[in-house]
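The values are calculated or read from the model by the stated rules, or taken from the named source; none is laboratory data. All values reported here derive from a predicted model rather than from experimental measurement. With ideal geometry, Cβ positions are generated from the backbone for all residues, glycine too; neighbour counts draw on all protein chains shown. Just the protein is used for accessible areas: all its heavy atoms, side chains included, with ligands, DNA and RNA removed. Shrake-Rupley method; radii C 1.70, N 1.55, O 1.52, S 1.80 Å.
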Amino acid sequence: MPTHAEVEADPGVLCTFNERIVAAFRARGGVVGGPFAGADVLLLTTSGARTGAIRVVPLEYFRVDGRLVVLGTYGGAPRHPAWVHNLRAHPNVTVEVGQRSFPAVAHEITGADADCTYQAIAARSPRVARYPTPRRRIPVFALHERESG
């Protein structure tokens, strides 16, 4: 996974990394290796907040209290990942988990619920627990499946 310094120096590094993970995910029915080895990974398709361009990002996901949850940790970076801005502007998304794809709506979890959800994830995910604590609040999103049609 590229470091924050590498991404700041060349944003294309992250695009290339994500493209490789997306290709591996789709070729292997949702199973990926590398920095995501052993993690539950989904593909999140969003619309760009400003451009409306379609973006696909691989994200680690967690099941908490029956919800499908993703965290905007950006590895503990001082700013939010781009997909957070996209979800806030356009919450209708497509989610791919394993070989299944479905329309969903992203709902940002806030307040005490977000804190509890984040802590529940950190308690069972050493990777999340080890992220540096940024000065920003880590966004927490639940992805709710929509009825298609």
So what is the accessible area of the chain per residue, in Å², with the probe set to 1.4 Å?
56
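Quantify, in whole percent, the carbon and sulfur part of the accessible surface of region 42-145 (1.4 Å probe; protein heavy atoms only).
Exposed carbon and sulfur together represent 51 percent of the surface.
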Helix-derived mean residue ellipticity, 222 nm - over the chain, DSSP H n ≥ 4, -39500 (n - 2.57), to 500
-9500 deg cm²/dmol
Mind checking which of Asp115, Asp65, Asp40 has the largest fluctuation in a GNM of the chain, springs on alpha carbons under 10 Å?
Asp65
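About the Cα centre, and with charges only on the beta carbon of Lys, Arg (+1) and Asp, Glu (-1), how big is the dipole of region 42-145? Nearest 20 debye, please. Walk me through the numbers on the way to the answer.
Values: 13 positive and 7 negative charges, 80 e Å.
Dipole size: approximately 380 debye.
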Over the chain, calculate the relative contact order: mean separation of alpha carbon pairs under 8 Å at least 6 apart, over the residue count, as a percent.
23
Could you list, bin by bin from short to long, the percent of Cα-Cα pairs of the chain in 10 Å steps?
11, 41, 41, 7, 0
Using 0.36 nm per residue, how much length does the chain from Ala23 to Arg146 gain when fully extended, once their Cα-Cα distance is taken away?
41.8 nm
Which distance in Å, rounded to a whole number, links the C-alpha centroids of region 59-84 and region 127-143?
7
Based on the mean of other Cβ atoms within 10 Å per residue, sort peptides 74-85, 48-59, 27-38 so the most packed one is first.
74-85, 48-59, 27-38
